[in-house]
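Q: Here it is, the structure, as structure tokens.
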Amino acid sequence: MMQREATPVRFFGGGSTQLGRSEGVFLTTTRFARLGAEEVRRALALPPGNLANQVTTVQISAGTRLFIGRVGPQIFETGPLPGGGIQVFVPDKSGLIFGPPRSFP
């Protein structure tokens, strides 16, 4: 449970949407917004369909259930990605407020 309000970010684009999947949304810390799209894709081990060419802030209300952890390495048909970044998974998006999307980087 979130103890206080937070505003992480979501990278998306291509086959990945701003709102994520129906079963929840993956977010990350704002420090990744200082990297380039390819660095973000590697650190978050994003699937090939997620171009990470757009970013949005997401306001999370206190009391929202979420899971935080380090991204593990992934192997895709395009090759391996190391992961290592921090991800936040929010299974219930009803308490989230998505900011306007903007181009990234």
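The values are calculated or read from the model by the stated rules, or taken from the named source; none is laboratory data. In this text the structure is predicted, and so the values were computed from the model without any measurement. We place every Cβ from the backbone using ideal geometry, glycine too, and count neighbours over all the protein chains shown.
Q: Restricting attention to segment 55-79, which residues are among the β-branched types (V, I, T), over 24 Å from I97 (Cβ atoms) and not in a loop (DSSP other than H, G, I, E, B)?
A: Correct list: I75 only.
Q: List, please: which pairs have Cβ atoms under 6 Å, are six or more places apart or on different chains, and start with a residue in segment 89-102 that is part of a loop (DSSP other than H, G, I, E, B) and end with one that is of a type in the set (S, T, N, Q)?
A: From residues that are part of a loop (DSSP other than H, G, I, E, B), the pairs are G99/T56; G99/T57; P101/Q18; P101/Q54; P101/T56.
Q: Could you tell me whether segment 16-36 includes any residue that is within 13 Å of the chain's Cα centre (by Cα), surrounded by 11 or more Cβ atoms within 10 Å (Cβ to Cβ), in contact (Cβ under 8 Å) with a residue 12 or more places away in the chain and over 19 Å from F98 (Cα atoms)?
A: no
Q: Also: Output the residues belonging to segment 83-97 that are surrounded by 13 or more Cβ atoms within 10 Å (Cβ to Cβ) and either basic (K, R) or over 12 Å from the mean Cα position of the chain (by Cα) (or both).
A: Once the filter is applied, which keeps residues that are surrounded by 13 or more Cβ atoms within 10 Å (Cβ to Cβ) and either basic (K, R) or over 12 Å from the mean Cα position of the chain (by Cα) (or both), segment 83-97 yields G83, G84, K93, G95, L96.
Q: Follow-up. Residues of segment 70-105 being on the phi > 0 side of the Ramachandran plot and either touching a strand residue (DSSP E or B) at 6+ places or on another chain (Cβ under 9 Å) or among the polar types (S, T, N, Q) (or both), which ones?
A: Within segment 70-105, G83, G84 qualify.
Q: I need the full set of residues from segment 1-49 which are in contact with a Ser or Thr (Cβ under 7 Å, 6 or more places away or on another chain), in a loop (DSSP other than H, G, I, E, B) and at pLDDT 90 or above, in order please.
A: Once the filter is applied, which keeps residues that are in contact with a Ser or Thr (Cβ under 7 Å, 6 or more places away or on another chain), in a loop (DSSP other than H, G, I, E, B) and at pLDDT 90 or above, segment 1-49 yields P8, Q18, L44, P48, G49.
Q: For segment 37-76, name all the residues that are farther than 16 Å from F104 by Cα, buried (at least 16 other Cβ atoms within 10 Å of the Cβ) and either over 11 Å from the mean Cα position of the chain (by Cα) or among the small types (G, A, S) (or both).
A: If the condition is that a residue be farther than 16 Å from F104 by Cα, buried (at least 16 other Cβ atoms within 10 Å of the Cβ) and either over 11 Å from the mean Cα position of the chain (by Cα) or among the small types (G, A, S) (or both), then A45, I60, T64, L66 are the ones that fit.
Q: Suppose we filter segment 44-86 for residues that are touching a residue at least 40 places away in the same chain (Cβ under 8 Å) and over 14 Å from F12 (Cα atoms); how many remain?
A: 14
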